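Reading through the C-alpha cells given below for one structure.
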Amino acid sequence: MSSTTANIQMDTKDSSVCFRVINLSFFYGETPILKDLSFDLPPGEITGVIGPNGSGKSTLLKSLGGILPAPKNSIFLQGMDIGDYKKKSLAKILCWIPQENPMVFSFLVKEVVMMGRHPYLSALKFEDETDHQIARQAMQWTETEMFSERLFNQISSGEKQRVMVASAIAQEPEVMLLDEPTSALDIKFQLEILNILKRLNKETGLSLVLAIHDLHLASKYCDQLLLLKGGKLVANGTPEEVLKKEILEEVYEVEVKIIPNPDDGSLLVSPVFPNS
Amino acid sequence: MTLGWFFLFLLVTLLVTPMIGTTSISLGKAFSNEIPFNENVDANILFIVRLPRILLAAVVGSALAASGSVFQAILRNDLAAPITLGVSGGAALGAVIAIRLELDTWFWGLAPISICAFIGSLSALALVFSLVRVRYRELPTSYLLLAGVTVNFFFASLVMLVNYLSNITQSFQIVRWLMGGLDITDYQIIISILPMVLIGIAILLYFARDFNLVSFGSEPAMSRGVDVMKVQVTGLVSASLITGATVAVSGPIGFVGLIVPHIVRLMIGPDHRLLIPCCLFFGASFMIICDTLARTLLAPTEIPVGVITAILGGPFFLWLLQRQR
C-alpha cells in the first residue's frame with residue numbers, strides 16, 4: 001500500500017509527460033461529469049478528445065486548462081499539480097480556446113491577438129516592440145494579418161477561430177487546448193484550422209489537445225485519441241486502436257462501418273443507414 | 001494623442017464655464033488685489049459660488065463615467081451603469097431617511113443627508129454581494145445584474161413609502177434630492193469625497209488591461225492568467241464605492257455613467273487603458289457643461305442637473321449611434 005503511494009508520488013514528478021491525469025472526477029453540483037479519469041499525454045502530440053454530446057469533453061478540456069478547479073492531486077502539468085501554478089505562470093504554459101466567442105464590445109482583431117501577451121505584462125504596462133513582433137508572427141502563422149484592423153465582431157466564424165488561435169500563439173504556450181475548433185465551420189475552414197494546428201505542432205513542437213466531433217478528421221490529424229462516454233474514459237490510444245467498430249457502436253449507439261481511406265490510411269467512420 | 005484631445009477639451013471647459021452665469025463677472029476685478037476679498041463681488045462669485053460647483057461637477061462626472069465603463073466591462077452588458085448594483089437606490093433610501101428624521105449630525109464636512117446616503121449605498125452593495133453565490137472562479141454576472149436591479153427597485157419603493165409618510169416640506173426636499181443637483185456645495189465637500197474617489201480611480205486604472213480581457217470573456221481571460229474573480233470583485237466594489245461617494249453629495253444623477261462610456265467607446269474603442277482616462281476627462285467636461293446649462297438656462301430658476309444630463313446626453317448619444325451604423 002505504502003509503496004503504491006510512493007510510486008504515484010514519484011510518477012507525478014515525472015516532467016517528461018505533458019499531462020498526467022490521475023483519478024480525475026468532476027461534479028457540477030451533485031451531478032458527476034467526469035468519473036475517475038486517468039491517462040498520460042506525452043508532449044509534442046496532437047490528442048483528440050472524442051465522444052458523444054454530453055460525454056464530458058468540454059469539462060475535461062476546461063479542467064486541463066485550469067478554467068474549472070480540479071481536485072488536488074488529479075491533474076499534473078509538467079510534473080506539478082495544476083492547482084499549484086500561479087495564474088500567470090500557468091498561462092505561459094497552456095492556453096485554452098473556447099468553442100464559441102460571444103462578445104459585447106468591439107475590439108479590433110489585432111487587439112484580440114494582443115490579449116495573448118497578457119501573462120507577460122505587468123499591470124499598467126503597455127505592449128512593447130517585442131510584443132508587437134510576436135503578435136505579427138502569430139497573425140502570419142494563422143494568415144490573419146489582412147484583417148488585423150477589422151472588428152472581431154464582424155468577421156466570419158472561421159476567421160474568428162483563426163484569430164483565437166493567433167491570440168493563443170501570441171501567448172507562446174507549450175500546450176494548446178481547443179474546445180471543438182471545427183464544429184461550427186464548413187469543410188474548407190475545418191481543414192484550414194486543422195492544417196494550421198498541424199503545422200504548429202510539427203514545426204514548433206506545440207502539444208495540442210482538441211475536442212472534436214468529426215471522427216474522420218480526428219483519425220487524420222490526431223496522434224492519440226481519448227474516447228469518453230458519460231464522463232468515463234472508454235478507450236485511449238492511436239486512432240487505429242480507438243476507432244474500432246465494436247467500440248464505436250457501443251459508445252455512440254449506432255451501427256457504423258469503418259472505411260480506411262486508400263489514399264492516406266485515415267479512417268472514415270460512416271453510420272450504417274437502416275435501409276441500405 | 002486622443003487622450004490629449006480629451007484633456008484639452010476638459011481644460012477649455014474648466015476655463016470657459018466659470019465665466020458663464022447669470023451675473024457677468026470681470027476676471028480683472030476678481031483677481032484684483034486692491035479690493036478686499038469680502039467686498040469683491042466678482043471674486044466671491046467666482047471662488048465661492050461657481051468654482052467649487054464646477055470642481056464638484058468635474059469630480060462627480062469623472063467618477064460616474066469611469067465607474068460606468070468598468071461596470072459595463074465586468075458585467076459584459078451595454079445597459080450596466082454605476083447604479084446597477086443598487087448603489088443609488090441604497091443612497092436614496094439613506095438620504096430620505098435622513099430628511100424624514102431631520103437628522104442634524106455633520107461628519108467630516110459632510111451633511112447628514114450625504115452620510116446617510118453613503119451608508120445606504122454601502123448597505124445596498126453589501127446586500128447584493130451577500131446574495132451572490134460564487135461558482136467556479138467567477139461571479140455570476142447575469143445574476144448580479146438581476147439582484148442589483150431588484151435591490152434598486154426594492155429600495156426605490158421604500159423611498160416612496162418614506163416620502164408618503166413625510167410632511168410637505170420634507171417631501172419637497174426628498175423629490176428635489178432625488179433629481180440630483182450640485183447646487184449646495186463648498187470646497188469642503190469636494191475635499192471630503194476626493195480621497196475615496198481618487199483611490200477608487202487609481203484601482204480601476206491599475207486593472208485596466210484586466211478589464212479588457214474580462215470584457216472579452218471571463219473564461220478566455222482565465223486562460224490568459226487573469227484572476228477573474230479578483231478583478232470582478234475589486235472592480236465592482238471600487239466603482240460602486242466611488243459612485244456611492246459621489247451620489248451621496250450630488251444625488252442620483254442618471255445617464256452620465258451609462259452614456260458617457262458609450263460615447264467615448266464609440267470614439268476611441270474599448271481598450272480600458274485609454275477608455276478609463278478618456279471617460280474621466282469627458283465625464284468631467286460633460287457634467288460641467290450640463291451643470292452650467294442647469295444654472296443658466298432658466299435663470300434665476302435652476303433646473304436639476306439630472307434632468308439636463310438626460311435631455312442633452314440622450315439625443316447626442318442617439319446621433320452618434322446613428323452615425324456609426
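Each value in this text was obtained by applying a stated rule to the coordinates, not by laboratory testing. On a predicted model such as this, the values are computed, not experimentally measured, just so you know. Using ideal geometry, Cβ is built from the backbone for each residue, glycine included, and neighbour counts are taken over all protein chains shown.
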For this session: Please list, in chain and number order, the residues 5+ apart from A:I33 or on another chain whose amide H is under 5 Å from its amide H, with Hs placed from the backbone.
Result: A:F26, A:F27, A:Y28
Exercise. Taking a ≥ b ≥ c as the square roots of the eigenvalues of the Cα gyration tensor of the protein assembly as shown, is the shape rounded (a/c under 1.5), prolate (a/b larger than b/c) or oblate?
Worked result: prolate
Exercise. Can you work out the FRET efficiency for the pair B:L103 and B:E302, with r the C-beta to C-beta distance and R0 = 22 Å, to the nearest 0.05?
Worked result: 0.35
For this session: Before anything else, pin down the relative contact order of segment B:2-324: Cα pairs under 8 Å, at least 6 apart, normalised by residue count, whole percent.
Result: 30
Seminar exercise, completed: Once B:I199 and B:V12 are pulled to full extension, the length gained, defined as 0.36 nm per residue separation minus their Cα-Cα distance, is 64.7 nm
Seminar exercise, completed: HN-Hα couplings for segment A:135-143 via Karplus (6.51, -1.76, 1.60; θ = phi - 60°), in whole Hz with x for Gly/Pro, come out as 5, 4, 4, 4, 6, 5, 3, 9, 6
For this session: Report the residues of segment B:187-203 in range of a label on B:F47: point 7 Å along Cα→C-beta, backbone N strictly under 19 Å from it.
Result: B:187-191
Seminar exercise, completed: In whole Hz, the Karplus estimates of ³J(HN,Hα) for segment B:114-123 (6.51, -1.76, 1.60; θ = phi - 60°; x where Gly or Pro) are 5, 5, 5, 4, 5, 4, x, 5, 4, 5
For this session: Would you grab the residues whose amide H sits under 5 Å from the one on A:V256? Only those 5+ places off in sequence or on another chain, please, with H modelled 1.01 Å from N.
Result: A:V272
Problem set entry | Most positive-pole-ward Cα, B:G148, B:A80, B:F216, against dipole of segment B:63-219 from beta carbon charges | B:F216
For this session: Take each of the peptides A:79-91, A:201-213, average the number of other beta-carbon atoms within 10 Å over its residues, and list them starting from the highest.
Result: A:201-213, A:79-91
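Considering every residue in B:73-81, what mean count of other chain Cβ atoms within 10 Å of its Cβ is obtained? Present the calculation step by step, with values, prior to reporting the outcome.
Numbers: counts 2, 0, 1, 4, 1, 2, 0, 1, 0.
So the per-residue partner count for this stretch is 1.
Order the peptides B:171-178, A:259-266, B:127-134, B:68-75 from the highest to the lowest mean number of other Cβ atoms within 10 Å of their residues.
On the way: B:171-178: 17.2, A:259-266: 10.9, B:127-134: 14.8, B:68-75: 28.9.
Packing order, densest peptide first, comes out as B:68-75, B:171-178, B:127-134, A:259-266.
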Exercise. Can you give the % of DSSP beta bridges in chain A that are antiparallel, to the nearest 5?
Worked result: 60
For this session: Provide a whole-number value for the mean count of partner chain Cβ atoms within 10 Å of the Cβ atoms in peptide B:195-203.
Result: 0
Exercise. For segment B:139-155, in order, what is each residue's ³J(HN,Hα) by Karplus, 6.51 cos²θ - 1.76 cosθ + 1.60 with θ = phi - 60°, in whole Hz (x at glycine and Pro)?
Worked result: 7, x, 5, 5, 5, 4, 4, 5, 4, x, 4, 5, 4, 4, 5, 4, 5
Problem set entry | Within 10 Å of each Cβ in B:214-222, the average number of Cβ atoms from other chains | 6
For this session: Take the alpha carbon gyration tensor of chain B, find the square roots of its eigenvalues, order them as a ≥ b ≥ c, and report rounded if a/c is under 1.5; if not, report prolate when a/b exceeds b/c, else oblate.
Result: oblate
Problem set entry | Antiparallel bridges, percent of DSSP beta bridges restricted to segment A:177-266 (to nearest 5) | 60
Seminar exercise, completed: Rounded to the nearest 500, the 222 nm mean residue ellipticity computed for the protein assembly as shown from DSSP H runs (n ≥ 4, each -39500 (n - 2.57)) alone is -17500 deg cm²/dmol
Problem set entry | Among beta bridges that DSSP assigns inside the protein assembly as shown, antiparallel share in %, nearest 5 | 60
Problem set entry | Residues listed by number, segment B:174-195, amide nitrogen under 19 Å from B:T22 label point at 7 Å toward C-beta | B:176-177, B:180-186
Seminar exercise, completed: Scoring chain A by relative contact order with C-alpha pairs under 8 Å, at least six apart, yields a percentage of 23
Exercise. Among B:249-262, B:186-199, how do they line up from the highest to the lowest mean number of other beta-carbon atoms within 10 Å?
Worked result: B:249-262, B:186-199
For this session: Would you grab the residues whose amide H sits under 5 Å from the one on A:Q99? Only those 5+ places off in sequence or on another chain, please, with H modelled 1.01 Å from N.
Result: A:D179
Exercise. So what is the relative contact order for segment B:250-325, in percent, with contacts set as C-alpha pairs under 8 Å and at least six apart?
Worked result: 40
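At R0 = 51 Å, how high is the FRET efficiency between A:N73 and A:F273 if r is their beta carbon distance? Nearest 0.05 is fine. Write down the numbers at each step before the final one.
Details: r = 47 Å, r/R0 = 0.92.
With R0 = 51 Å, the Cβ-Cβ based efficiency is 0.65.
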